[in-house]
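Here's the structure, in structure tokens; my notes come after.
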Amino acid sequence: MMPRQLREGLRRHPKGSRAPRLIVEQLPSIDVKDLHAPSRYNRTHVIDLSFRLPKVASAKVSATSVTFHHASLHRGQLGPTQTFQLKPIRTGFGIRHTFLCNCGRSVKRLYYHSRDLGCRRCINAIYACQAIDQRQRPILQLSKLESLLGDKAYRRYRRIRERLEKKLGHKAMLAKPLQK
Ligand SMILES: [Zn+2]
């Protein structure tokens with residue numbers, strides 16, 4: 001018999017009635033490392049992020065904060081900006097940073113969705129492995145592997161690939177590289 005909670009949940013939100021959740025791996029994102037934040041306090045620099053975040057023109061980075069300049073909606077007008085504090089973390093070799101998201105979480109990566117940057121919880125995204133069931137999970141593993149591989153590192157992952165293919169059989173054909 002179906003558990004009461006599940007029955008109740010399905011009654012309130014029948015299958016397919018809600019928009020699918022956003023998938024972390026499919027969202028454009030920026031790692032704090034890519035900002036190359038200066039370690040000195042009086043330094044700032046501007047970097048072009050258009051290759052990582054197509055809708056974000058640039059970012060102004062200092063040792064303590066970053067301001068993202070979103071692409072403008074109208075020609076001749078400046079787009080909106082979004083500022084995040086950077087939290088320095090002292091490591092044995094120097095300083096590493098994290099973003100301080102508006103929700104108070106300290107995160108290494110921010111995700112872009114509908115003209116907004118935020119941590120994965122603020123964007124309300126889930127990992128691909130959370131969105132699928134047990135039978136499909138190995139296909140996902142293989143898909144991830146494909147996108148990691150490119151052409152270069154193929155030999156390094158050959159064993160893992162073979163193992164997954166053996167486990168999956170014909171289903172391995174379904175694996176596709178994830179959007180990067
Ligand atoms: Zn957040």
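A crude spin-label estimate for the pair residue 162 and residue 71, with each label 7 Å from Cα along the Cβ direction, gives 4.4 nm. Segment residue 64..residue 108, full-extension length gain: 14.4 nm, with 0.36 nm per residue of separation and the alpha-carbon distance subtracted.
The count of lysine pairs in the range 1-110 with alpha-carbon distances below 23 Å, taking only pairs 8 or more places apart or on different chains, stands at 8. Quick note on the range 12-128: its Rg to Rh ratio, both from C-alpha atoms and Rh being the Kirkwood radius, is 1.04.
Here the Karplus curve 6.51 cos²θ - 1.76 cosθ + 1.60, taken at θ = phi - 60°, turns the phi angles of the range 77-83 into couplings of 10, 7, x, x, 10, 9, 10 Hz, with x standing for Gly and Pro. Rounded to 0.05, the FRET efficiency of the residue 116 and residue 43 pair, given R0 = 25 Å and the Cβ-Cβ distance, is 0.35.
Taking each residue as 0.36 nm, the span from residue 124 to residue 18 lengthens on full extension beyond its C-alpha to C-alpha distance by 36.8 nm. Residue exposure proxy: 129, 101, ordered by other Cβ atoms within 10 angstrom of their Cβ from fewest to most, comes out as 129, 101. Can you grab the distance from the C-alpha centre of the range 56-102 to the C-alpha centre of the range 1-38, Å, no decimals? Measuring centre to centre over Cα atoms gives 25 Å.
Where a number appears in this text, it was derived from the coordinates with a stated rule and is not lab data. Note that the structure is predicted; figures quoted are calculated from it, not measured. Counting neighbours? That spans all protein chains shown, and the Cβs are built from the backbone with ideal geometry, glycine included.
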